[in-house]
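Down below is the structure, laid out as structure tokens.
The numbers here are math on the coordinates, done by the rules we state, and not lab data. Remember, predicted model here, so these are calculated numbers, not experimental data. FYI the Cβ positions are ideal-geometry reconstructions off the backbone, even for glycines, and counts take in every protein chain you see.
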Amino acid sequence: MNMIRISKLDAARRQLFAALQLYFEDGDTVAIHTLAAVAHEILSVLVRKKGGATMLDWVKALVTPEFEKQLIDWARQPQNFFKHGGKDANSNIEFDTKLTEFFLFDACLAYGKVEAIPKGDITAEATRIQIAYLTWYLLHRPTALRPDSDLARMVSAFEPYKHGTRSDYLKQIRLARHDWSGPSDTTV
């Protein structure tokens, strides 16, 4: 077996990319959640080291320390359950896959803050699939954005692809020749 050197950023990028691929292929929800949560955890640390914050950080800043602990315990419960078997080898868990979708969303944003967008590489496949996920996520949450925002206008360009399967949506995004450089450009 050959040794390879992996940075934390590369590990997070690979995990996030794999989670997004599985998500768009309707893959296993446990694998998607585990990969997304671990990528999110690494990217959160890297964003904070650059002086930034994730959406989860913003929420934590608004609540009491007691509620923050409850929030983090709740958010990390599925991830910890899927990773560890020592204490609760015979137990079960029910988890809401919307938490997975949130981790994917926040991790995509965090990755952009740490790596891809600052380097100007927003047409690379890793970033293209992240943009596909972000637009998919927002298209399916129509009240998430102010309708008059540049981001809402950009996301609306993907409206024609909204009603297909996730896999079909990703194929369409990969085929699209969209000018990602300006938020007010709504052509696909």
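Numbers below:
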| quantity | calculated |
| --- | --- |
| Entries in LYS50/LYS87; LYS69/LYS113; LYS113/LYS162; LYS69/LYS162; LYS49/LYS83 that, when Cα-Cα distance is taken, lie over 32 Å | LYS50/LYS87; LYS69/LYS162 |
| Cα-based reach from LYS171 at 16 Å (exclusive), listing aspartates and glutamates while leaving out same-chain residues under 8 positions away | GLU25, ASP26, GLU125, GLU159 |
| Rough spin-label spacing in nm, given labels placed 7 Å along Cα→Cβ, for TRP58 and ASP73 | 2.7 nm |
| Kyte-Doolittle mean at least 1.6 and Cα axial length at least 20 Å: DSSP H helices in the chain | none |
| Where chymotrypsin sites (Phe, Trp or Tyr not before Pro) fall in DSSP loop in the range 6-51, at most 16 other Cβ within 10 Å | none |
| Candidates VAL63, VAL114, VAL45: whichever shows maximal mean-square fluctuation once the chain is modelled as a Gaussian network with Cα springs under 10 Å | VAL63 |
| Fraction of alpha-carbon pairs over 21 Å apart in the chain - percent | 55 percent |
| Cα shape, the range 7-109, gyration tensor, a/c 1.5 rule | oblate |
